[in-house]
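Here's the structure, in structure tokens; my notes come after.
The values are calculated or read from the model by the stated rules, or taken from the named source; none is laboratory data. This one's a predicted model, so the numbers in the text were calculated from it and none came from an experiment. Cβ atoms come from the backbone with ideal geometry, glycine included; neighbour counts cover every protein chain shown. These area figures cover heavy atoms from the full protein model, side chains too; ligands, DNA and RNA do not enter into them. Shrake-Rupley method; radii C 1.70, N 1.55, O 1.52, S 1.80 Å.
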Amino acid sequence: SLSDLSPAAAAADPARSEEGIRAMLRWFKEAFPYERGTCASCGASAGYRGTVRASRRERGRLAARAELWRCGECSSWQRFARYNSVPQILRDRRGRCGEYTNAMLQLVLALGWRARWVVDWTDHQWLEIWMPAGGEAGGAW
């Protein structure tokens, strides 16, 4: 249950709570596949062609830009809008590290956890959750 994922449950039983968080992360990874530029028409690998301003419709859903991809097999073009809206990300179930870090951060914070959004020099992004070690011993990111 969600109460098993709370920080209070973690203080009582850190190992059980950590397993609950790991289970939630596994579910998220399965339910929200990482966008890898696969052609929606034929399933082949598409090639990145550049980034453009989001369309009016995409901007209405809080995207600032969209990536253009072209399939090498069937020559179809695709857009991948980079949304900043968590509800839109959850509806579309399309994203990469930026979209999914944003969505997961909001879920974890809603459960009451301390979390931080980390970005490295290659523009890769991920979420770190503070996991208490129990009692006064502290914890770890």
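At a glance:
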quantity: Counted charge near G72, where neighbours are those whose Cβ lies closer than 15 Å (Asp, Glu -1; Lys, Arg +1); calculated: +2
quantity: In Å², nearest 10: area of Y48 left accessible to a 1.4 Å probe; calculated: 110
quantity: Computed over the range 45-90, Cα set: Rg, Dmax in Å; calculated: 11.6, 33
quantity: Nearest-10 value in Å² for the accessible area of L111, using the 1.4 Å probe; calculated: 40
quantity: In the range 59-141, GluC sites (Glu not before Pro) in a DSSP loop with at most 15 other beta-carbon atoms within 10 Å; calculated: E73, E136
quantity: Net charge, S45 excluded, C-beta distance under 11 Å - Lys, Arg +1, Asp, Glu -1; calculated: +1
quantity: Sequence-distant residues sharing a close amide H with R65 (under 5 Å, placed H); calculated: A54, R82
quantity: For S41, solvent-accessible area (1.4 Å; no DNA, RNA or ligand), Å²; calculated: 90
quantity: Whole-Hz couplings from phi, Karplus 6.51/-1.76/1.60, listed for the range 72-85; x for Gly and Pro; calculated: x, 8, 10, 6, 6, 9, 9, 10, 10, 6, 9, 7, 10, 8
quantity: Sequence of Y34, Y83 when ordered by accessible area, the most exposed leading, probe 1.4 angstrom; calculated: Y34, Y83
quantity: Quarter of Cα convex hull surface for the range 14-141, i.e. mean projection, nm²; calculated: 9.4
